[in-house]
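These notes concern the structure reproduced below.
The values are calculated or read from the model by the stated rules, or taken from the named source; none is laboratory data. This one's a predicted model, so the numbers in the text were calculated from it and none came from an experiment. Note that we place each Cβ from the backbone using ideal geometry, even for glycine, and neighbour counts take in every protein chain shown. Just the protein is used for accessible areas: all its heavy atoms, side chains included, with ligands, DNA and RNA removed. Shrake-Rupley method; radii C 1.70, N 1.55, O 1.52, S 1.80 Å.
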Amino acid sequence: MNARKPIVIAHLYPREMNIYGDLGNIIALTKRLQWRGYPVEVRPVEIGQPFDWDAVDIVFGGGGQDAGQYHISDDLVGRGTELRALAADGAPMLTICGTYQLFGRGFTTVDGREIPGIDIFRASTIGSSVRMIGNIVIDTTFGRLVGFENHSGQTILEPGQAPLGRVRKGAGNNPTSGQEGAITQAAIGTYLHGPILPKNPALADHLILTALKRRNGMAELPPLNDRLELAAAKVAIGRPR
Ligand code: GLN
């Protein structure tokens, strides 16, 4: 019997914010924790429902259509104080595309709707008529990451806001800056769908180790056999844009 307390993953708006396989990130985190003997509890954050943020170890939010972002925005803004406090406390967070945009200052859609964000990242996003679609490869402190992007929003980081990485192939935050995503303490925003974590196990383990460090001071993770994951990444990196 496993007496460990479950690692709690808060999954932001799974119904509205879940495209291009983003649910695979929850599966990758869950499996990699379970393979190391940690039970996991995934708790959905739903519009209008109360949520206990004190128990949370990892926060995840996926991508979404403009309409989905608009739908969740009031509720997300209402949870801003708690999410900012959790980010400032060093909780690991992974936000993809539509949620990444709303963890910044906000997103002005191509048809002029302003969707406010929660200011965890100093980054603003404006929709454009040209979508950025295709395979994307970036270099980060977690190594080379590969994924798939599909967004109209162009994100500009403010001075002092660190990007997650540099673009090697694809657009990333916008077609000209060469920057991809944002990172503030352990909160990460990125345009990489795919999903990102199954093919980029170093990033998954960074989130997991950060959660375990914060929970119980754990210094390192027992390694897993990532042969298949790394082979998948190699194939994906070799694909044309
Ligand atoms: N709707 C946003 C955009 O088009 C986010 C898209 C996404 O999450 N893939 O920029």
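On the stretch given as segment 148-184, residues that are in a loop (DSSP other than H, G, I, E, B) and charged (D, E, K, R) total 1. Applying the criterion of being closer than 19 Å to residue 12 by Cβ and open to solvent by 10 Å² or more (accessible area, probe 1.4 Å) to the residues of segment 107-125, the residue that is farthest from the chain's Cα centre (by Cα) is 116.
Candidates in segment 127-147 are the residues that are out of contact with any helix residue (DSSP H, G or I) (no Cβ under 9 Å at 6 or more places or on another chain) and open to solvent by less than 10 Å² (accessible area, probe 1.4 Å); of these, the one that is farthest from residue 187 (Cα to Cα) is 134. Here residue 108 meets the list (1) farther than 24 Å from residue 166 by Cβ; (2) touching a Phe, Trp or Tyr at 6+ places or on another chain (Cβ under 8 Å) almost entirely, failing just condition (2). Cβ-Cβ distances below 6 Å connect the following pairs, each with a first residue in segment 41-66 that is at pLDDT 95 or above, a second residue that is open to solvent by less than 10 Å² (accessible area, probe 1.4 Å) and of a type in the set (Ser, Thr, Tyr), and a separation of six or more residues or different chains: 61/95; 61/99; 66/109.
In the set (1) within 11 Å of the ligand (Cβ to nearest atom); (2) farther than 20 Å from residue 71 by Cα; (3) under 16 Å from the mean Cα position of the chain (by Cα), the condition left unmet by residue 96 is number (2). Scanning segment 23-69 for residues that are under 20 Å from residue 225 (Cβ atoms), open to solvent by 30 Å² or more (accessible area, probe 1.4 Å) and part of a helix (DSSP H, G or I) turns up 27, 31, 34.
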